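Notes for the one structure printed next.
The values are calculated or read from the model by the stated rules, or taken from the named source; none is laboratory data. Note that the structure is a prediction, hence the values are computed from the model and not measured. In this analysis, Cβ positions are derived from the backbone assuming ideal geometry, glycine residues included, and neighbour counts consider all displayed protein chains.
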Amino acid sequence: MTNEEILTLVVTSLCVVSLSIVFTLFYVHYYKNSIKTIDEGRKDIEIIDDNIDEQLKAKSKKHKIFVIVIKTISYLFSALVFGVFVLSVINRISGGSIVVGNSTVMVVETGSMSYKNEVNTYLESHDNQIATYSIIGLDKVEENELKLYDVIAFKNNENEIIIHRIIGIENDRYLTRGDANDSTDPYRPVFEDVIGVYNGFNIPYLGIFIIFLQSNSGIVTVIAILYCLILFGILSDKIERKLETRKKELLEVIDVDINNKNLNHDFIERIYYKGYVYSFNNNNFIGKEKIKDDDINTPNEKSEIITIIEDKDKNLTIKKDKIHHADEEEKV
């Protein structure tokens, strides 16, 4: 590695490691606060609201389609990013070219084929220029299939891969020049130097990601990103499991399914919780509103729920147990 490459790697490593440490400290702090908030019951009202919203949205076809579309897009994006990363690793291992059967995929790293230089008058009928950082396809051919003005990839005497156009053939050697250049390449390759002929396959600019990801700085960056994603996934799953556990505790008290319409008797259920009353009719959610000052039998404790059911058929009023903080030993 050159001094410049070493300096770039050191600076990149310092940056991504620092960001990873900051992310770790921030998200671990967020995780601990979230778990504490759930344990103390301070998110109970949100959990109830979210559960009601989830059940209501589950009925909506538009919502289902929206969820499917979002998931599909996220999966496709993840697959694309993963594919580019794998492609970049293979490209580095294979020395800058990826062989697939009789074809090769390669990244164009310079602009020597990006436009027509006016001195190259032979280009008037050739419009297959290649932008910098394009991913192109090359086909393997026999020697007798190579012809004048083909765009070829070859290795020069310094083992560098060059992608230029054949502008002449002399004594079994090819004269090559980039379309944007005004002079012929000093090295004249023979057929054994040729990797392949440009077949027209071209994905503009995507190669810049491959070049970065296959560099030492890119590999360090990818490792840091993977670490952050894994940490995020592990702690997020723990928060979700904690929320799910708390939701089950709450639903055991609420005991309401808004999709259940198979009840034969008429009853009204009201759930008093943290200054709000949730109203249900035959287990169908009606809405919520703030508790009025003159309302009776409302809970005063910070994190308790009291469910009152009026069964008109049996002329009964049933008051269910209340749920306390999660850190208490038992429900009362």
(message) Considering only residues that are surrounded by fewer than 16 Cβ atoms within 10 Å (Cβ to Cβ), of a type in the set (Ser, Thr, Tyr) and at pLDDT 80 or above, which ones fall in segment 1-26?
(response) Ser18, Thr24
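Conditions (1) out of contact with any Gly (no Cβ under 8 Å at 6 or more places or on another chain); (2) of a type in the set (Ser, Thr, Tyr); (3) in the same structural domain as Ile130 (by TED's automatic domain parsing), marked per residue:
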position	(1), (2), (3)
Ile161	no, no, yes
Ile169	yes, no, yes
Arg173	yes, no, yes
Thr176	yes, yes, yes
Val190	yes, no, yes
Ile219	yes, no, no
Ala224	yes, no, no
Cys228	yes, no, no
(request) Examine segment 114-124 for a residue that is at pLDDT 90 or above, of a type in the set (Lys, Arg), assigned by TED's automatic domain parsing to the domain that holds Ala180 and under 23 Å from Phe191 (Cα atoms), and state whether such a residue exists. (result) no
(request) Have a look at Thr221, Thr176 and point out the one that is at pLDDT below 95 and among the hydroxyl-bearing types (Ser, Thr, Tyr). (result) Thr221
(request) Report yes if Tyr122 is among the aromatic types (Phe, Trp, Tyr), part of a loop (DSSP other than H, G, I, E, B) and touching a residue at least 12 places away in the same chain (Cβ under 8 Å), otherwise no. (result) no
(request) Go through segment 202-238 and count every residue that is β-branched (Val, Ile, Thr), farther than 22 Å from Val107 by Cβ and surrounded by 15 or more Cβ atoms within 10 Å (Cβ to Cβ). (result) 0
(request) Could you list, in sequence order, all residues of segment 33-48 that are within 25 Å of the chain's Cα centre (by Cα) and surrounded by fewer than 14 Cβ atoms within 10 Å (Cβ to Cβ)? (result) none
(request) Mind telling me which of the residues Thr132, Thr72 ends up being under 28 Å from the mean Cα position of the chain (by Cα), among the polar types (S, T, N, Q) and closer than 25 Å to Phe212 by Cβ? (result) Thr132
